[in-house]
Amino acid sequence: MKRNAKKKFHSQVAVMLAKEFREEAEVHFQDMIIKIKIPLVTIESGMGAILLRIQQLVEKYFPERQDDIALLIRDGGSRYENVFKIWRPVA
């Protein structure tokens, strides 16, 4: 996938996540990584559920993706930070 196509794809994923998490988190796309800022209390009470929800949304809206997606999740005070990837489907 060309760099411009990758950037456009990641931007589209960020926009979708921003819409889905509009009340719960801030979502930004920068430097080819999607950055999600979530309150610490939400992270502490259910990180697994957050990751599962993100994975399910990506699979729902972008089932035929050609690229992996890198995400950084952090709390508002930047005390907690986790980076993970959603791998493209194997064909």
Review point. For the range 71-91, how many residues are part of a loop (DSSP other than H, G, I, E, B) and not β-branched (V, I, T)?
Key: 10
**Study point:** Condition check for G48: more than 28 Å from K2 (Cβ to Cβ), surrounded by fewer than 16 Cβ atoms within 10 Å (Cβ to Cβ) and out of contact with any helix residue (DSSP H, G or I) (no Cβ under 9 Å at 6 or more places or on another chain)
**Key:** yes
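Could you run through the range 1-25 and say how many residues are of a type in the set (G, A, S) and surrounded by fewer than 17 Cβ atoms within 10 Å (Cβ to Cβ)? Spell out the reasoning first.
Step one: filter the range 1-25 for residues of a type in the set (G, A, S), giving 5, 11, 14, 18, 25.
Still in the running and surrounded by fewer than 17 Cβ atoms within 10 Å (Cβ to Cβ): 5, 11, 18.
Residues meeting the conditions: 3.
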Practice item. Answer yes if at least one residue in the range 50-60 is part of a loop (DSSP other than H, G, I, E, B) and among the β-branched types (V, I, T), and no otherwise. Key: no
Review point. Within the set of pairs 6+ apart or on separate chains, which have a first residue in the range 9-37 that is touching a residue at least 24 places away in the same chain (Cβ under 8 Å) and over 22 Å from S78 (Cα atoms), a second that is crowded, with 17+ Cβ neighbours inside 10 Å and of a type in the set (V, I, T), and C-beta atoms under 6 Å apart?
Key: V13/I69
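Surrounded by 13 or more Cβ atoms within 10 Å (Cβ to Cβ) and touching a residue at least 60 places away in the same chain (Cβ under 8 Å) - does that describe any residue in the range 75-85?
So in the range 75-85, the residues surrounded by 13 or more Cβ atoms within 10 Å (Cβ to Cβ) come out as 75-76, 80, 82.
Adding the requirement that they be touching a residue at least 60 places away in the same chain (Cβ under 8 Å) leaves none.
There is no residue in the range 75-85 that is surrounded by 13 or more Cβ atoms within 10 Å (Cβ to Cβ) and touching a residue at least 60 places away in the same chain (Cβ under 8 Å).
Give I73, I54, I50 a once-over and let me know the one that is within 17 Å of F9 (Cβ to Cβ) and of a type outside the set (S, T, Y). Break it down into steps so the answer makes sense when it comes.
On the way: I73 fails: within 17 Å of F9 (Cβ to Cβ); I50 fails: within 17 Å of F9 (Cβ to Cβ).
It is I54.
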Exercise for review: Go through the residues of the range 4-15 one by one and say whether even a single one is among the aromatic types (F, W, Y) and at pLDDT 90 or above.
Suggested key: yes
Review point. Looking at the range 30-44, is at least one residue surrounded by 14 or more Cβ atoms within 10 Å (Cβ to Cβ), among the charged types (D, E, K, R) and at negative phi?
Key: yes
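The values are calculated or read from the model by the stated rules, or taken from the named source; none is laboratory data. Remember, predicted model here, so these are calculated numbers, not experimental data. For neighbour counting, all protein chains shown are included, and Cβ atoms are generated from backbone atoms with ideal geometry for every residue, glycine included.
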